[in-house]
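Here is the structure we will look at, set down as structure tokens.
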Amino acid sequence: MVFEQLSGNLIQGLVLGAIYGMATMGLSLIFGVLKVVNVGHGAFIMVGAFVTLWLFNALGINPILAVPVAFVVGMGLGFIFYYTTMQRLIKAPELATLLATFSIGILLEELVKLIFGSEFRGYNWAVGKINLGVTVLPYSKLYACIGSVIIALLLYLWFNKTRAGSAVRSVVEDSEGARVCGVNVGGAYALSFSLGIGLTVTSGVLLTMFIPVGINPYMGGGYTLKAFVIAVLGGLSSPYGAFFGGLVFGLIENGSYTLFALIPGVEPFALTRFLSFVILLVILLIKPTGLLSTK
Amino acid sequence: MKKEITKYYPLIPVFAAYLVLFLIGKNISGMWQLVAMLLFYCAMGQAFNIFLGMTGYVDFGYVAFMGVGTYGMALAITNLAHIEGLGVGVIIIGFVMALLMSTLLSMAVGAVALRLRGAYFAIATIGVNEGFRFLIEGARIWNGSEGLIFTAQLNQILGRESASALMTFWADIMVLIIAALAAFVTLYYMRSKIGYALTALREDEDAAKVMGINVTKYKIIAFITSACFAGLVGATSWALKTPYVFPPEVFEIHYTIEAIIIVLLGGAGTLLGPVAGGLIYGISKYYLAIFMPGFQLLIFAPIIIIIIVLFPEGVVGMLKNRLKDSGLSRFII
């Protein structure tokens with residue numbers, strides 16, 4: 001009975017983990033290239049969720065089609081915030097970049113609140129479900145998982161097979177050296193930041209496909225914290241590390257929740273969150289380069 | 001001897017600001033609420049500045065120390081209220097508890113997080129704050145997510161009238177004293193070996209290490225001092241002013257952000273900065289809430305971004321640069 005429940009939850013955890021991983025790739029990309037922690041990360045996920053919600057409820061557009069729309073919106077926001085703010089803070093101390101990205105997050109939250117109000121919303125996209133025996137998986141969740149994997153693969157191809165991707169990688173390795181070799185370092189920064197934001201907003205679409213309720217302007221805070229844990233699992237500066245970190249995190253989250261629920265007299269949800277932060281601290285102490293790295 | 005006194009001149013504008021605040025609150029009716037809020041922001045900024053301003057490390061989980069300070073006072077009052085004859089002693093024990101708990105937590109966090117730098121340090125400290133909160137809620141420590149409410153116990157200890165005087169007036173006076181004390185300690189550190197070591201470490205940690213400065217020692221001193229003042233602010237501004245404590249409220253990350261904004265606005269690492277920052281932030285927040293309710297954050301966020309980009313050295317930092325060679329320069333640091 002417990003075993004069945006556990007395996008069912010682990011399958012759900014793996015599916016959610018892939019989405020978590022995709023939702024953290026933007027954070028890791030931005031940190032890897034610009035050395036900036038985007039503390040407003042969750043707010044961009046929230047923007048993606050509202051894009052999906054608005055397209056679905058107002059125009060009846062399929063959430064899958066919201067993916068490219070969200071990506072374009074995210075890229076646009078990324079370029080705007082890069083050229084107005086981040087560009088001037090590349091060499092600034094952490095204090096400035098952390099506070100700036102947090103303020104950008106607040107700005108987005110308040111703008112969305114102004115337009116849509118602060119109540120909890122959701123949408124109902126009924127596309128059927130499959131029964132796996134131990135658990136029931138709606139197709140919407142499956143699509144979100146597949147979408148995450150495809151996006152992660154596309155990012156990998158972009159990084160390794162295109163000229164712009166190589167330029168960004170050269171900036172990560174050595175920005176001065178890249179500049180000497182004629183790489184447009186400023187352009188690479190702008191592109192990476194916008195791409196990171198684009199990926200994050202897109203992940204908001206996929207996350208609402210998994211959890212289509214509870215959409216409100218302040219939903220991002222929890223995702224920001226989860227993204228930190230996942231990014232640290234993957235080594236903070238590697239987008240692929242983040243993707244696998246997401247898978248691990250999804251499994252740990254759902255697995256430990258099932259087990260904590262067996263202990264009487266505790267709140268399993270809070271203990272699951274507690275465990276994730278213990279993992280965060282342990283990894284930062286023992287292996288800050290991430291679980292996957294060989295260094 | 002004369003040199004000894006001039007050393008403390010920079011405290012004059014700080015204490016003058018607090019005196020003016022006190023007089024305004026005391027003499028103009030209806031102003032005390034605003035003054036109390038400003039004192040809270042100034043005290044929080046000043047406590048935070050000791051670590052953030054002097055070392056340049058961004059502690060994103062700073063509010064955790066205010067949280068455990070609040071719990072220290074709350075636990076003392078809830079557990080000792082039934083003992084006859086302790087009276088005000090309970091409050092004093094509460095302060096000792098607050099100091100003890102914030103010292104212990106800061107030592108634990110310091111041992112782990114202070115090995116890390118930059119962004120890694122910031123993420124680790126967020127982790128500690130959130131982890132601690134979810135441990136309290138998850139394992140139902142100190143009544144878990146239901147929190148502690150101790151208005152009745154406070155009334156029992158002090159009597160209804162004194163308790164309400166404490167909540168509405170004397171707690172704010174204590175915050176004022178804590179803020180003044182924090183200013184004094186900040187200046188003492190600045191003018192001693194600790195300050196020079198921390199300045200060296202803020203500018204270039206590796207170089208400071210090579211020069212033979214025990215950077216870890218000084219970082220931990222600043223960290224624990226800052227945490228202790230945070231604990232005291234929590235114990236007064238939160239536990240004594242509003243006699244209840246709920247984990248989501250006292251570990252709310254927005255207070256950390258407010259502290260960072262105040263320090264940055266006034267000028268990180270300056271003595272007068274947190275006071276200037278606290279006053280500007282508190283007054284604008286108070287009046288925005290009155291004249292444009294619901295829109296404060298929408299207006300604040302872009303202003304903060306503009307300040308970070310255009311005036312990163314803060315109000316006092318700019319003032320300091322402008323007054324460099326004038327006679328006033330010895331008052332403003």
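Tabulated values for the structure
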| item | result |
| --- | --- |
| Proximal lysines to B:K241, defined as alpha-carbon separation beneath 21 angstrom and excluding residues fewer than eight positions away on the same chain | B:K26, B:K285 |
| Ascending count of other beta-carbon atoms within 10 Å, so fewest first, for A:F243, B:F300, B:F291 | B:F291, B:F300, A:F243 |
| Of B:A230, B:L288, B:N49, farthest towards positive along the dipole that unit charges on Lys, Arg, Asp, Glu beta carbons give the protein assembly as shown | B:N49 |
| Cα-based radius of gyration of region B:13-124 once divided by 2.2 N^0.38 Å, which approximates compact folds | 1.34 |
| Among A:I151, A:V37, A:V15 - extreme Cα towards positive end, dipole of chain A, charges at beta-carbon | A:I151 |
| Chain A - charge dipole about Cα centre, Lys and Arg +1 at Cβ, Asp and Glu -1, debye rounded to 20 | 460 debye |
| The protein assembly as shown, dipole about Cα centre (Lys/Arg Cβ +1, Asp/Glu Cβ -1), debye to the nearest 20 | 1220 debye |
| Proximal aspartates and glutamates to A:K161, defined as alpha-carbon separation beneath 20 angstrom and excluding residues fewer than eight positions away on the same chain | A:E173, A:D174 |
| Diffusion constant of the protein assembly as shown at 4 °C, which comes from Stokes-Einstein with the Kirkwood Cα-pair radius and 1.567 mPa s, µm²/s | 50 µm²/s |
| Residue-span extension gain [B:R140 to B:A108] - 0.36 nm each, minus C-alpha spacing | 9.4 nm |
| Ellipsoid semi-axes in whole angstrom, largest first, where each is sqrt(5λ) of the Cα gyration tensor of region A:145-235 | 30, 15, 12 |
| Ellipticity estimate at 222 nm from DSSP helix runs (n ≥ 4, -39,500 (n - 2.57)) divided over chain B, nearest 500 | -23500 deg cm²/dmol |
| Computed log₁₀ I(q)/I(0) - Debye formula, equal Cα scatterers, no solvent, chain B, q 0.08, 0.09, 0.13 Å⁻¹ | -0.37, -0.48, -1.01 |
| For B:G212, net neighbour charge (Lys/Arg +1, Asp/Glu -1) across residues whose Cβ lies under 13 Å away | +2 |
| Cα-derived Rg over Rh, computed across region B:95-250 with Rh taken as Kirkwood radius | 1.05 |
| Cα coordinate range in chain A, projected on the principal axes (Å, largest first) | 63, 48, 36 |
| Two-decimal ratio, region B:63-165, of alpha-carbon radius of gyration to 2.2 N^0.38 Å | 1.27 |
| Most mobile listed residue (A:E176, A:E94, A:E110) in chain A, GNM with C-alpha springs under 10 Å | A:E176 |
| Region B:193-333: mean projected area of Cα convex hull, nm² | 11.5 nm² |
| Estimated FRET transfer efficiency when R0 is 22 angstrom, pair B:F331-B:E203 (beta carbons, to 0.05) | 0.35 |
| Alpha carbon convex hull of region A:15-108, volume per residue in cubic angstrom | 102 Å³ |
| Solution diffusion estimate, µm²/s, Stokes-Einstein, region A:221-295, Kirkwood Rh from C-alpha pairs, 4 °C, viscosity 1.567 mPa s | 103 µm²/s |
| Residues of type lysines that B:K193 reaches as a straight line, Cα spacing below 26 Å, ignoring anything fewer than 8 places off in the same chain | B:K2, B:K3, B:K7, B:K209, B:K217, B:K219, B:K320, B:K324 |
| From the C-alpha gyration tensor of region A:82-143, square roots of 5λ in Å | 40, 18, 10 |
| More than 25 Å apart - percent of Cα-Cα pairs taken over region A:117-274 | 46 percent |
| Over chain B, relative contact order from alpha-carbon pairs under 8 Å, at least 6 apart, % | 32 percent |
| Computed helical MRE - 222 nm, chain A, DSSP H runs ≥ 4 contributing -39500 (n - 2.57), nearest 500 | -25500 deg cm²/dmol |
| Cβ-derived FRET efficiency at R0 35 Å, B:V96 paired with B:M318, nearest 0.05 | 0.30 |
| Ranked B:Y188, B:Y57, criterion: other C-beta atoms within 10 Å, fewest first | B:Y188, B:Y57 |
| Charged-residue dipole, Cβ positions (Lys, Arg, Asp, Glu), region B:157-249 about Cα centre, Debye nearest 20 | 240 debye |
| Estimated inter-spin distance, A:L65 and A:Q87, nm [label 7 Å along Cα→Cβ] | 3.5 nm |
| Candidates B:L23, B:L272, B:L52: whichever shows maximal mean-square fluctuation once chain B is modelled as a Gaussian network with Cα springs under 10 Å | B:L23 |
| GNM top mover of B:I224, B:I24, B:I178 - chain B, alpha-carbon springs below 10 Å | B:I24 |
| Per-residue Cβ neighbour rank within 10 angstrom, fewest leading, A:T97, B:T225 | B:T225, A:T97 |
| Selection from B:F300, B:M97, B:M211, by position along the positive dipole direction of chain B (Cβ) | B:M211 |
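Coordinate-derived values only; no laboratory data. Computed from a prediction, not measured in an experiment: that's the story for all the values here. Heads up, the Cβs are rebuilt from the backbone with ideal geometry, glycines too, and the neighbour counts pull from every protein chain shown.
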